[in-house]
Structures are given as structure tokens and as C-alpha cells.
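Single-structure report; data block below.
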Amino acid sequence: MDFMNENDLHDVRVGGPRFTWCNSKNGGGWILERLDRCLLNTLAINCIQVALVRHLVRIASDHCLIFLKIFDSPSRSKGIIKFKDVWLSYRGSAHIIAKVWKRGFHGNDMEILNKKCKKALKDLHFWGKAKVKEFYIEKDKLKEEIVHLLEEEANMGWLSEDKLLKLRTKVKELNMTLFRLNTWWKQRAKVKWYVEGDDNTKFFHSYASTRRSGNWISQVKKCSGELTEDPKEAQEVFFTYFLEKWKERDYFEENWHTPYRILDEEDRRSLVLIFQIEKLWK
């Protein structure tokens, strides 16, 4: 793991047999291990986006042949909306939440709270999508302006008070933009740990791309035990599984304990009482 982190290498998701090596012994001496791996660096992951390593069957060697399979156009599923930490760095987020909270919603207290949270999160989501796109544009724009001011300072040997103040302001804005960009990618990458030197967009971007590749379902196992990559066959496998899981089943109540034989007199009376909404709130 240390070698992979130091050299910017990431393990690729595996399809096919789980292990790649066998010692070809019998009985208790039989050993299976995954020795052969395909590692990609950040540059390759960013270009490929979604990749899969296939383990072939062992035939003439103790090791499995492996090859890298690339998906050019992966399908994207509709994800759930999650709160982004980077929204907290904008004052506009507080204005959006306050605006939603002042609106009137119908229902009881629990329904109103749920509707307000859902509406505020949805508004923040669409507002934040435009902000994320502005990160990269604003970063490049600020860099160009800072370079222009530094070149002017180098040519003239000095800067006026107004331009010096402008330079300091642009540098502060650039640092804030980079901080927001790193915060956004850190949450997207779902990296629970980071040390000095890891707090940069490139590091988190590679982890986010690797996680997306790892979550990609490329094949499912049919009832016959065969693996399939056909989307229609995969849909049929899932449909058959849940149809079998949730089908109506017969049950028998013989030898079940009778509740009235186990509960005391007070619990028996509470079971037959009429439900009251006041007790629920209490």
C-alpha cells in the first residue's frame, strides 16, 4: 500500500476468477492467491475513466492471464443528492436555506420539516452545480491575472499601491478557490484519511475516479453459474432474484408462543387499548 501511494498507483477492479495463482498441490496443501495485478496511475485513470481487469482461466501455467478492458461509454445511473461541504464556504448557501425556510408548507410538523430539508437540498444542488464549473474557470482566470501583474512588476521594478493591492486580492481569491476545489474533490473521493502532501485536487481526483471504476458493475452471475455482461440478461437476473425473494410463502403457526401466556396483566391491557396520537407525541 505504501509503494502504491508513493508512486501514485491504483488497483483496478477485477472481473472473472478471484485468484490469479495456484500452487497446483492436492489436499490441504492447495493454495490460491491473487498475485498478479494491474495498476494504473492518475493520468491513465483520468483518460480511461472506467476500466476492468479480466482474469482468464489457468491452462498452461500456475498463473492466470490478465488483460485490461476499457469501457468507452459507461452508462450513468441517477444518484441521490448529497450535501456538499464546499457549499458552506459561500454566503449564498445561507441565503438559499433562509429563503426556503420562510416558505409555507402544509402538513404536520414532521412533514413540514421533511419538505423544507428536501427543498433546500434540491435548491443547493442546482445552485452548487454551477459553482463547481466556475472553480476551474475562475482558477485559470486568476492565474492569468496574477502572472500579468508579476510580469509588469518585473519589467517596471515596482507596482503602484492600487495594483499591489489588486495583486494581493487576486492571490487571496486564488487560494480560496483552490481550497474550495480541494474540499469538493476530497468529499467526492470519500478519502477518510489524508496526510501532509495529500491535500491537493489531483490526489483526490484519482481516488474518486478509482472508486467510480470500482463501483461499476460489469457482470453478474446467472442461476446456471455463468457470468454475463449483457444488460438484458443482467436485468433478468435481478428481476428473477427479487421475484423469488419476495414471493408469497406459506407459514405455520404451530408451536408458536401465545403472547397472553408470556405477558403480564399490565402488558395485556396495553395491547388492547385504543391508539392515541397524544401518546405518540409524548
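Of note:
- Qualifying residue in the stretch 14-33 (condition: over 14 Å from ILE70 (Cα atoms), in contact (Cβ under 8 Å) with a residue 60 or more places away in the chain and among the β-branched types (Val, Ile, Thr)): no
- Pairs linking a residue in the stretch 95-114 that is within 21 Å of GLY128 (Cβ to Cβ) and modelled with pLDDT of 85 or more to a residue that is among the hydrophobic types (A, V, I, L, M, F, W, C) and in a helix (DSSP H, G or I), with Cβ atoms under 8 Å and 6 or more positions apart or on different chains, are ILE96/ALA120; ILE96/LEU124; ILE96/TRP127; ILE97/ALA120; ILE97/LEU124; VAL100/ALA120; TRP101/ALA120.
- Meets criteria (loosely packed, with under 15 Cβ neighbours inside 10 Å and within 30 Å of GLU278 (Cα to Cα)) for GLY107: yes
- Flag for LYS84 being surrounded by 13 or more Cβ atoms within 10 Å (Cβ to Cβ) and either under 24 Å from the mean Cα position of the chain (by Cα) or modelled with pLDDT of 75 or more (or both): yes
- Filtered residues of the stretch 30-43 (kept if outside any loop (DSSP other than H, G, I, E, B) and modelled with pLDDT of 80 or more): LEU32, GLU33, LEU39, LEU40, ASN41
- Selection status of LEU159, assigned to a loop (DSSP other than H, G, I, E, B), surrounded by 10 or more Cβ atoms within 10 Å (Cβ to Cβ), at pLDDT 75 or above and not assigned by TED's automatic domain parsing to the domain that holds ASP11: yes
Residues checked against (1) of a type in the set (Gly, Ala, Ser); (2) at pLDDT 80 or above; (3) surrounded by 14 or more Cβ atoms within 10 Å (Cβ to Cβ); (4) in contact with a His (Cβ under 8 Å, 6 or more places away or on another chain):
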{"position": "VAL191", "(1), (2), (3), (4)": "no, no, yes, no"}
{"position": "ALA208", "(1), (2), (3), (4)": "yes, no, yes, no"}
{"position": "ARG212", "(1), (2), (3), (4)": "no, no, yes, no"}
{"position": "THR228", "(1), (2), (3), (4)": "no, yes, yes, no"}
{"position": "PRO231", "(1), (2), (3), (4)": "no, yes, no, no"}
{"position": "GLN235", "(1), (2), (3), (4)": "no, yes, no, no"}
{"position": "PHE238", "(1), (2), (3), (4)": "no, yes, no, no"}
{"position": "TRP256", "(1), (2), (3), (4)": "no, no, no, no"}
{"position": "ILE262", "(1), (2), (3), (4)": "no, no, no, no"}
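- Residue satisfying all of: in the stretch 171-186; surrounded by fewer than 18 Cβ atoms within 10 Å (Cβ to Cβ) and within 19 Å of ARG91 (Cα to Cα); farthest from the chain's Cα centre (by Cα) among these: LYS172
The values are calculated or read from the model by the stated rules, or taken from the named source; none is laboratory data. Note that the structure is a prediction, hence the values are computed from the model and not measured. Here Cβ is always computed from backbone atoms with ideal geometry, including for glycine, and neighbour counts include all displayed protein chains.
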